[in-house]
Amino acid sequence: MLAVSTDSLNDLQEMATENDVSEIPLLSDADASVSWAYGVLGKGMHSDKPGHTFVLVDPQGVIQWRRDYSEMYVPNDDILEAVRDALGRADRIRVMTDP
């Protein structure tokens, strides 16, 4: 799992520190090249910014699942259920969630 944001590296580091984000790698996509490559620009409130998009890419680099959310907060269970369904092997997936 990797979080991609068009925020600058400094802004991402500040956000990670403030929110105690340490388990998920963060990628600063300040030039939006990754967001452009995955076609997520304009999916949110701004035409030049990505929305809240989740993409499941398999080891061969093929997108197996993708969903764009307009909400600022997406419940973990919604994403986990969709990813499990996309993978078709829910009994073999282990995820870490808050107790």
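Every number in this text was worked out from the coordinates using simple rules, so none of it is lab data. All values derive from a computational prediction rather than experimental measurement.
In table form, for the structure just shown:
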item	result
³J(HN,Hα), Karplus 6.51/-1.76/1.60, whole Hz, each residue of region 3-16, x for Gly, Pro	9, 10, 9, 7, 5, 5, 4, 4, 5, 5, 4, 5, 4, 4
Per-selection Kirkwood Rh - region 3-92 (Cα, Å, 1 d.p.)	14.4
Extension reserve of the Arg67-Ser8 stretch, reckoned as 0.36 nm per residue once the Cα distance is removed	18.8 nm
